[in-house]
């Protein structure tokens, strides 16, 4: 029961394991909350796809072509790799190898930076504008949300690198690296679902939607 | 309490046991002897009666503007009675208990003193919990079943016997296209040469079938005395219907906030005889009901 | 008590490098700097965006009808600037930056941020102490209630003057919307904010919340979110109900942006607060406080925190998408270009309904908490109460469509959702039984909190029965969108939520302010408000039954009488609330000083002294029993046993 | 005793705040000045000999030197900010008509237009013999694809006053119509007559989407003083 054995939190004096358990729980709750938001976006996409209101799901004939799907998958892959790196890094630091975590998180940040740039480019080069129908809107927002997540992820992985170098993340207290890895994992799931939706749901199944403001005969 | 049941039951041949043994229903009768029990039961009865009486007042208010004007409205009012009758005893008991306690039936410590004696340490009471929970569950179950049946009934009379395919109940039904827009209702009679009108004129005792849509924002097509309401959604067509069973003029209101003149988005339902309807259609330049 | 960590030991814990003076950047920030930087940044963003818009559109676009789009962007950015500036100015970004740089908090930093020995100043700073945050929430809540109440009075004035339009219809439409959302926000924080933050950690026997800095963040996000909402009235208003149904909301002037920004930010605030509460409750309870010894109020707050955490993002994203419809011309909710109004309604009500329970649960649980104290009786059937709370939390996720019975979204779905909606009355009946059972044969102590219990049960019964009507689709086909609905949810949210909150605040007031709540004026105000409440909303029931739709400012003469009565009642409520407010103020300033445990409660918060010391408990407590061990053996039970013994004696006699 | 007074004072202050806000707000939102139809002689109508009232109004596409925009007392910031280019009925939108008489309204229409959402509203409804005169030609309806505005009086939710519905569509100016000295094209003169019943309050608005925002029903369409107003029959 003597607290001296384990390293203590400088602010509250509790043992680090206690604090880390608490932080992990907080992170889980945050992930739950964030995933509701992701679900909201996916529901919007699928619902509008299934309804095809006023036959205006697809971009209008003039601009009508779907966004190429490969960028979504490339970006997802990048995020996936970055996440794996971070997990490995915090496994290695558990074995006392701090430099490994610095290296891995640096690498992860680099990849995420590329993903971020790629995401921006993708949004800028969509073959349609935001006003071109429901598909355009939903896809745009799936991408934009991912863009914002990537920005946050960049901050987090950068912080992990920085803190490990500054010796704030040590083999004894490495909870923060793990928290970041958890959050990145969630982002991967979100990005994956987004990519799946944009890939499999393009032509709307509903072709007989009523024309706005008129009655069927 | 359960110990009561563990009493050794005497053999048949042994002499009768002295009278100080509690009667078979000892628990209940002794419970009823408690000073507060009868009071609360009496209160319950009174309050329940009052609540049931109130239902008639409520329905009277609903009929103030000339309803019920359709089969559906009759169903709705019947349902209100049923719901109230079912819930009233429960409400009556609850209100009885709080009234009794608030009135100091169990005594009361003035605000400026501090309570001296402790109350009875009743942690729980198996009987009460079981009874209460099962009663409430059965009430809820009954409400659900009644509601589902009623819903099926009114759906049948608004959409036709098969709710899912939302077709008019029979060929006789008059098709009416209802268009809501800021801040007007307009009614088109496709079966009668596309006559269009700002008031809804219909023949009595003929089933009506409405296709409702909106040209801009959400509206809600509410035929008050007919108890029919359905949103007018832009970009979608919703359906409802009813059979007017009363001659006269009734209210149509918009029940969904739709902007500046929402409060003024009202018109009339005029229920007339078949002949009057036909002549009205004719003077609107439409064909006779086909 | 070997694990108890006494404060002084911590000086010996190895500390990170102290960067600058304790507190660092936060030494220089407070509410004033936040306000200034918020306003400045808002102005900068507004002007800059204006310039950019002109540059992009060649400036020549000021031809009337296309101007608003430019204006939309400008106003949006202005609000974004306000939020960023305000949060920056209060010091919210200092934490993340320090974390990024690896400058972790030292003990001295933490103590400074917790406002140790800072006096009144700490209430105006980014203070992490849960007691300070609780007080801040209390004040914000009172301000919101004041504003919402003012709007309510205006609404009733318009409806009471039946022979003319007092206000412009546009303003009236904005009025009802703003009243609605301001009151909803106020009610959401009414109990979970002040009491959840101040009392719950004490009840758990913790030194502070699990994440003190997130705690400060949640309150200051709320403070930042409110001005945009209020400002909508100066920018053409939101002209839509509090539900701001699309696409009508798209027609409203730029004021709508204020609403949307407010909700987006407020959702963050709520989510953060919920994470904090849940973690605190799960992970920071005192030794020996098993789940069967956790006070019921803590369960209630936890239940509402769970619902808020899981469902609020739905509402938040509905507003994000609506904002993008407005500013970026996307089409999520605009049918002509492929959007769907039903999508909005679903996203909205996915939070919209659980939020009702987010409001009602903590208030109810608070009353359950104080009933044993004022009746000197154990809580009746503790387990049933927990079952009720979590039953509600569970079912709340699957009832939202009962707000959409009449939208024609999916007529078939009315069947299952009517089922789920009427099932949710069962867990509510659990809580009702717990209340009645606790009241049963108890000798009530006639103080204000106990009066609130009676008032709330009364209102809940009426709200409950009318709720049964509305949950029944056929009847709802008549009631939906009528004044009947308005009266019903006021009975639930105000009758159960607000009056419950008044009781709860009166109960914990001594702990929070170390002064008794003025019993006399408190009761006068409370009962006046209660009487007015009954008059107002019973009259409103009548108007609804007669067929008066909601959200109208002119109506048929048939509804005049009901509305006159309702308006008079509303003014009475106003008077009562003002008296109650007066009682609150005088008690806070010059009330009679209260001891640590004024009402003889057994919960932990009552065991530490008042005013609560900076570290809550000099030594962390250890719990050995549940907090409801009141009462003496039941005389009737004894009597029964007596009879039984006699009976058995008799039967023995007979047998021998 | 002191506390009683203070409590009462609190209530009074509260009441004062409410009253003050109500007064300010209601003053800011007041209707534009009322215009009255001038009664001149009598006229023969299907309902017999009735007093004959006339009223003259114009519809401008936007405010200008020759046609200053409507004066809305107060009017929220957003309105003032960008109402300069809004179309509006002139001189005002608060109309007062004599009861039980024949009312003839003449409108000078300067604005362009397009396709109306609801073709039925391109049909004249509720006027004497269901027609209106467009530049001298009596028509029962106009081309739905070429409507500028409509003048649509409709019901006020009052069961005690007579039902009242009048709809007159206004044909649009050609987009290339050349402006005259006053900066507007030659107006299209629309004249129509209807019979008012017992006194009552009604509202009217334009039903052609000529505003801002979603389906162009925001802005002027949702703003008293521009494309909607009140009709008081006295």
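What the table below lists for this structure:
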item: So residue C:374, is it over 17 Å from the mean Cα position of the chain (by Cα), under 30 Å from residue B:115 (Cα atoms) and assigned to a helix (DSSP H, G or I); result: yes
item: Hits in the range B:179-215 - residues which are modelled with pLDDT under 90, more than 16 Å from residue D:120 (Cα to Cα) and part of a loop (DSSP other than H, G, I, E, B); result: B:205, B:206, B:207
item: Odd one out for residue A:83, checked against (1) surrounded by fewer than 18 Cβ atoms within 10 Å (Cβ to Cβ); (2) assigned to a helix (DSSP H, G or I); result: (1)
item: Flag for residue C:405 being modelled with pLDDT under 95, surrounded by fewer than 22 Cβ atoms within 10 Å (Cβ to Cβ) and in the same structural domain as residue C:340 (by TED's automatic domain parsing); result: no
item: Only listed residue being facing chain D (nearest Cβ under 10 Å), surrounded by fewer than 21 Cβ atoms within 10 Å (Cβ to Cβ), within 18 Å of residue C:231 (Cβ to Cβ) and touching a helix residue (DSSP H, G or I) at 6+ places or on another chain (Cβ under 7 Å), chosen from C:154, C:150; result: C:150
item: Residue that is at the interface with another protein chain (Cβ under 8 Å from one of its Cβ atoms) and modelled with pLDDT under 90, where the choices are B:101, B:164, B:157; result: B:164
item: Conditions (1) under 30 Å from residue C:583 (Cβ atoms); (2) touching a residue at least 24 places away in the same chain (Cβ under 8 Å): number failed by residue C:454; result: (2)
item: Within the range C:81-103, tally of residues that are within 14 Å of chain A (Cβ to nearest Cβ), buried (at least 19 other Cβ atoms within 10 Å of the Cβ) and touching a residue at least 40 places away in the same chain (Cβ under 8 Å); result: 2
item: Test: residue in the range C:69-76 that is surrounded by 20 or more Cβ atoms within 10 Å (Cβ to Cβ), modelled with pLDDT under 95 and under 26 Å from the mean Cα position of the chain (by Cα); result: no
item: Meets criteria (within 10 Å of chain B (Cβ to nearest Cβ), modelled with pLDDT under 90, over 22 Å from residue C:488 (Cβ atoms) and buried (at least 20 other Cβ atoms within 10 Å of the Cβ)) for residue C:378; result: no
item: Test for residue D:11: is it under 30 Å from residue B:260 (Cα atoms), touching a helix residue (DSSP H, G or I) at 6+ places or on another chain (Cβ under 9 Å), in a helix (DSSP H, G or I) and outside the structural domain of residue D:57 (by TED's automatic domain parsing); result: no
item: Matching residues in the range B:245-267 - criterion: being in a strand (DSSP E or B) and either surrounded by fewer than 19 Cβ atoms within 10 Å (Cβ to Cβ) or modelled with pLDDT under 90 (or both); result: B:248, B:249
item: Unmet requirement for residue C:22, which otherwise passes all of (1) under 28 Å from the mean Cα position of the chain (by Cα); (2) within 24 Å of residue A:168 (Cβ to Cβ); result: (1)
item: In the range C:40-56, residue farthest from the chain's Cα centre (by Cα) [restricted to those that are modelled with pLDDT under 90 and within 14 Å of chain D (Cβ to nearest Cβ)]; result: C:53
item: Of all residues in the range A:113-136 being in contact (Cβ under 8 Å) with a residue 60 or more places away in the chain and surrounded by 16 or more Cβ atoms within 10 Å (Cβ to Cβ), the one that is nearest to residue C:97 (Cα to Cα); result: A:136
item: So residue C:597, is it free of Cβ contacts under 8 Å to residues at least 60 places away in the same chain, crowded, with 16+ Cβ neighbours inside 10 Å and part of a loop (DSSP other than H, G, I, E, B); result: yes
item: Spans of helices (runs of 4 or more DSSP H) in the range C:435-534 with at least 1 residues under 18 Å from residue C:371 (Cβ atoms) and facing chain B (nearest Cβ under 8 Å); result: C:448-471
item: Those residues of the range C:319-341 which are surrounded by 23 or more Cβ atoms within 10 Å (Cβ to Cβ) and within 9 Å of chain B (Cβ to nearest Cβ), in sequence order; result: C:334, C:335, C:338, C:339, C:340, C:341
item: Selection from the range A:135-159 of residues that are away from every other protein chain (no Cβ under 12 Å) and farther than 22 Å from residue A:175 by Cα; result: A:143, A:146, A:147
item: Per-region count, the range D:44-74, residues surrounded by 19 or more Cβ atoms within 10 Å (Cβ to Cβ), part of a strand (DSSP E or B) and at pLDDT below 85; result: 0
item: Residue that is farthest from the other protein chains (Cβ to nearest Cβ) [pool: residues in the range D:187-203 that are surrounded by fewer than 23 Cβ atoms within 10 Å (Cβ to Cβ) and part of a loop (DSSP other than H, G, I, E, B)]; result: D:187
item: Hits in the range D:204-219 - residues which are at the interface with chain C (Cβ under 9 Å from one of its Cβ atoms) and outside any loop (DSSP other than H, G, I, E, B); result: D:214, D:215, D:216, D:219
item: Among the residues listed as C:162, C:127, the single one being touching a residue at least 12 places away in the same chain (Cβ under 8 Å) and farther than 26 Å from residue C:608 by Cα; result: C:162
item: Residues located in the range C:548-594, provided they are touching a residue at least 12 places away in the same chain (Cβ under 8 Å) and in a loop (DSSP other than H, G, I, E, B); result: C:548, C:550, C:551, C:553, C:554, C:555, C:591, C:592, C:594
item: Filter result for the condition that a residue is within 9 Å of chain C (Cβ to nearest Cβ), crowded, with 19+ Cβ neighbours inside 10 Å and closer than 30 Å to residue C:107 by Cβ, over A:105, A:33, A:9; result: A:9
item: Qualifying residue in the range C:254-277 (condition: farther than 25 Å from residue C:84 by Cβ and free of Cβ contacts under 8 Å to residues at least 60 places away in the same chain); result: no
item: Residues that are touching a helix residue (DSSP H, G or I) at 6+ places or on another chain (Cβ under 8 Å) and surrounded by fewer than 24 Cβ atoms within 10 Å (Cβ to Cβ), drawn from the range C:440-450; result: C:440, C:441, C:443, C:445
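The values are calculated or read from the model by the stated rules, or taken from the named source; none is laboratory data. On a predicted model such as this, the values are computed, not experimentally measured, just so you know. Note that each Cβ is placed from the backbone with ideal geometry, even for glycine, and that neighbours are counted across all protein chains shown.
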